[in-house]
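Below is one structure; the comments refer to it alone.
None of the figures in this text is laboratory data; all of them are computed from the coordinates on show. Note that the coordinates shown come from a computational prediction; the quantities given were computed from them, not determined experimentally. Here Cβ is always computed from backbone atoms with ideal geometry, including for glycine, and neighbour counts include all displayed protein chains.
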Amino acid sequence: MIEAHDLTKRYGDTTAVDRLSFTVRPGRVTGFLGPNGAGKSTTMRLILGLDSPSSGTVTVGGRRYRELAAPLRAVGSLLDAKGVHGGRSAHQHLAGLAASNRIPRRRVDAVLELVGLPPATARERVGGFSLGMGQRLGIAAALLGDPEVLILDEPVNGLDTEGIRWIRDLMKSLAADGRTVFLSSHLMSEMELTADHLIVIGRGRLLADTTTRDFIETNSRAHTLVRCPEPEKLRGLLEVTGATVRLDALGGWRVEGPDAATIGDLAREHGLAIHELTPVHASLEDVYTAMAQDSGEYRTAGRTQQETVR
Ligand SMILES: Nc1ncnc2c1ncn2[C@@H]1O[C@H](COP(=O)(O)OP(=O)(O)O)[C@@H](O)[C@H]1O
Ligand SMILES: [Mg+2]
């Protein structure tokens with residue numbers, strides 16, 4: 001488990017991480033979600049001992065990263081895929097890492113295969129790699145020590161659809177193996193598909209720590225779009241049941257409360273025709289935006305929503 005307690009990091013006047021407490025558990029993909037500048041990368045650097053907290057603690061498996069006896073075999077990480085010497089080959093890079101961390105050399109070929117870098121490509125200079133290949137190499141390095149814990153900062157940034165899907169499936173299978181998988185993103189649509197659990201931050205502070213499903217269900221304003229040739233009759237019937245009925249921008253009714261089946265049954269009981277009945281669920285993106293605005297953590301053009309209101 002990764003455990004943060006009251007974790008705070010200040011850079012001068014900027015509080016990048018503000019009293020964050022959370023636990024990342026094994027066996028599931030935990031998404032670390034927040035807009036750019038929210039403090040995700042800083043938190044990950046603190047976990048990995050690349051920066052020291054101003055106050056608070058963060059541990060992996062009960063120990064600070066720097067106290068781990070064999071860090072690469074306990075925690076695999078990818079913070080910046082460009083942090084590889086361009087003149088070396090992928091194979092040389094991984095072989096060097098393996099040798100200096102007493103990891104068996106056969107792991108090099110194993111991880112190259114796992115991330116889909118063919119042997120010929122692995123012998124070429126990394127400097128000529130595409131973004132996608134560099135990202136695969138970074139993940140190969142993270143997996144080299146067969147670690148129980150994986151920490152990846154924005155792993156899908158700049159990848160094409162196929163690369164994104166590949167990372168998503170890999171993260172899920174690593175979590176299914178019982179590993180702890182912690183990955184950050186500012187892309188909510190991606191997190192919605194990948195993460196089982198979400199830790200959401202805004203301006204360094206914790207906004208939510210919950211399952212992805214609960215996060216959406218609790219925060220979403222789900223509704224049903226309804227079109228009916230006798231709209232006023234239907235509205236009357238729905239309002240009696242306690243539903244909220246509003247005019248939709250396209251001229252139908254936007255109904256909150258009863259689900260689509262209930263609305264359809266009610267119309268049928270009263271002999272009303274229905275021309276459209278569409279359940280609409282908020283995406284994680286909608287939910288995040290609404291929540292961040294509510295809590296004043298959402299920056300618009302450098303100001304918070306609260307400041308804008310004032
Ligand atoms: N080394 C640093 N020195 C000064 N400020 C920093 C440093 N690293 C991050 N910050 C600031 O901390 C805040 C959080 O940044 P970061 O952790 O990179 O956010 P995210 O990864 O969520 O986009 C930002 O305001 C950023 O400018
Ligand atoms: Mg970042």
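Using the alpha-carbon atoms, what tilt in degrees (0 to 90, nearest 10) does helix 161-176 show relative to the longest principal axis of the chain?
It is inclined by approximately 80 degrees.
Sorted by mean Cβ packing within 10 Å, highest first, what order do the peptides 54-61, 141-148, 153-160 take?
The peptides rank, most packed first, as 141-148, 153-160, 54-61.
In nm, give the distance between the simple-model label positions of ASN157 and SER21, each being 7 Å from the Cα along the Cα-to-Cβ direction.
3.0
If I build a Gaussian network model for the chain, linking alpha-carbon pairs within less than 10 angstrom, which residue out of ARG227, ARG28, ARG64 has the largest mean-square fluctuation?
Taking springs between Cα atoms under 10 Å, the residue moving most is ARG227.
With an 8 Å cut-off on Cα pairs and a minimum separation of 6 or more residues, tell me the relative contact order of the chain in percent.
20
Please work out the C-alpha center-to-center distance from the stretch 2-46 to the stretch 86-128 and express it in whole Å.
Each part reduced to its Cα centre gives a spacing of 30 Å.
Considering Cα pairs under 8 angstrom that are at least six residues apart, work out the relative contact order of the stretch 115-193 and quote it in whole percent.
31
Counting just the Cα atoms, what span does the chain cover along each of its three principal axes? Round to the nearest Å and put the largest first.
Over the chain, Cα extents along the principal axes are 76, 46, 34 Å.
What does the convex hull of the Cα atoms of the stretch 1-154 come to per residue, in Å³, rounded to a whole number?
123
Please tell me the relative contact order of the stretch 223-280 in percent, rounded to the nearest whole number, where contacts are Cα pairs under 8 Å and at least six residues apart.
The normalised contact order for the stretch 223-280 reaches 51 percent.
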